1. Using the crude model of +1 on Lys and Arg Cβ and -1 on Asp and Glu Cβ, and no other charge, please compute the dipole size for the chain relative to its Cα centre, in debye to 20.
2. I'd like to compare 364-372, 212-220: which one has the highest average count of other Cβ atoms within 10 Å, and what's the full order after that?
3. Name the long-range amide H neighbours of Ser172: under 5 Å, sequence gap of 5 or more, or other chain; modelled H, no Pro or chain starts.
4. Mind checking the angle between helix 121-133 and the chain's longest principal axis? C-alpha axes, 0 to 90 degrees, to the nearest 10.
5. Placing unit charges on C-beta atoms (Lys and Arg positive, Asp and Glu negative, everything else neutral), compute the dipole magnitude of the range 48-115 about its Cα centre in debye, rounded to 20.
6. Below 8 Å, C-alpha to C-alpha, sequence gap of six or more: please give me the relative contact order for the range 330-462 in percent.
7. When the chain is fully extended, how far beyond the present Cα-Cα distance does Leu229 get from Lys3, taking 0.36 nm per residue of separation?
8. With an 8 Å Cα cut-off and a minimum separation of 6 or more residues, compute the relative contact order for the range 451-515 in percent.
Amino acid sequence: MSKSKFIFVTGGVSSSLGKGIISASLAKLLQSRGFSVTIQKFDPYINVDPGTLNPYEHGECYVTEDGAETDLDLGHYERFLNVKTSQANNVTTGRVYQTVIEKERKGEFLGKTVQVIPHITNEIKRRIRLLEDKGTFDVIITEIGGTVGDIESLPYIESVRQLRWELGKSNSLVIHLTLVPYLSAAKELKTKPTQHSVKTLMESGITADILVCRTEHEISDDIKNKLALFCNVEVDSVIQSIDASTIYEVPLLMKNEKLDQVVLRKLNLKSSNDTNLEKWSNFVKRLKFPKNNIKIGLIGKYVELQDSYKSILESLIHAGSENETKVEVVSIHSEYIDKNQIENEISKLDGVLVAPGFGSRGIEGKIDAIRCAREKNIPFFGICLGMQMAIIEFARNVLCLKDANSTEMNENTTSPVISLMENQKNITNKGGTMRLGSWECKIEINSKVHGIYNSEFIKERHRHRWELNNDYLCELQKNGIKTSGVNPETGLVEIIELPSNNWFIGVQFHPEYKSTVECPHPLFVSFVSACLNYKKSKN
Ligand code: GLN
């Protein structure tokens, strides 16, 4: 008998309705009542993980503590719940098939014909129940990526059907997220797409227990009754999800709609506590009514798609709320930076953040922007490639190594200040082979970051192949770069700072993956506060 209760979240009518945010919001409500909850996501594409995907495809690749390259929804789960996820929380069709095919090659199916049903569905079910094996979760929320009716979602829907039967009715439920569009010509909300979508789900043997309806306008009781009648759900199980000004408001809206109460009733779960979202509400209040505002330039080459830098943008929101400051992010495309214009552009900003990235496109723009920030003493934050570019800029313009570069960009540079890590040299496979996940870093006591972290040892998550070339360390240090964080085992430089500037910090890791609503990341909090001080000093 299963100890955990399962909630399956499916989507209909349209993609991008925010299944991840609804799942995370429900999880937050249940967590605030004292339940332990986790969320997992199944993605119906053939890539084994999103690590090899261009950010333009599905947005940023989120990295977990255990070094899994995952869908950006896992970032929302961690930011909402303040609980760490792992590889088990994100599975793709590619990974499912890879496991089944590897078993087949080992002869483990004993001569049987390997088929979608039962072999692929069994593997999907096994992976859904992996989290149950940990024995620590009262509730496991499983989000099925894609839209109901898609060919590639079918094996997942079938697995959910089977699992519901195996688990018993009161141990699982299905939440179907749909769109209730507003036709402005008719001045009406339309229920038909939702009816069709629920019907499609039924054709696969699944009845939705709860409908969450995305809408731009209030859904009247009449429409709720209509949806309930035609979609076979109870009236209180038609939940309105109206557009919110921030995703962080969604748990509060779902609480008002009593989503958690309906879920608990249907799962036969008794809760002794009411939801306690006081801390959360205060966070949202500070976010919506800031006392100050600042402009931070985000310099990267994927800026057209906001999701490419999701975790960085969310970390700035957390840090903004902590500082009671609205952070306006000015996206600057590094490829189109004009050397003659950049000073002008940057002097309108209160801080500069140079984003992570891969490949040579747009790096010269990043270097120009960093020079400007360094010379004008504007707060600068470089993340991963951003730190590497800060080293190249310093080497070129201060050490006068005009050809300084990373061997990622120019293999034949005469001054390889950023070089490929030794253990990366023989790697040819691209998927899952970077230096990934959580690694320790020792912080120098006499440094700015020591004051920020208030700790001598920290752990941060990584995703890179290149590193600062320690052959140049002495020269960089002699000229003013402080290497304030180093991996204690390998000596690999993790943090650099420029003590001559007010706030100039570069990190080889990705602090943005660890910032949550409850624990905004100290580096982002300090950066936003430095930008605020800089702005005040300008006026
Ligand atoms: N391309 C660089 C490397 O692999 C930086 C990676 C990143 O910014 N995540 O080292």
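Taken together, the values in this text are just the output of simple stated rules run on the coordinates, not laboratory data. Computed from a prediction, not measured in an experiment: that's the story for all the values here. When we count neighbours, we look across all protein chains shown, and the Cβ atoms used for this are built from the backbone with ideal geometry, even at glycine.
1. 860
2. Packing order, densest peptide first, comes out as 364-372, 212-220.
3. Excluding prolines and chain starts, which carry no amide H, the hits are Phe6.
4. Taking Cα atoms only, the helix is inclined about 70 degrees.
5. Its charge dipole is roughly 380 debye.
6. RCO, the range 330-462: 16 percent.
7. 78.1 nm
8. Relative contact order of the range 451-515: 32 percent.
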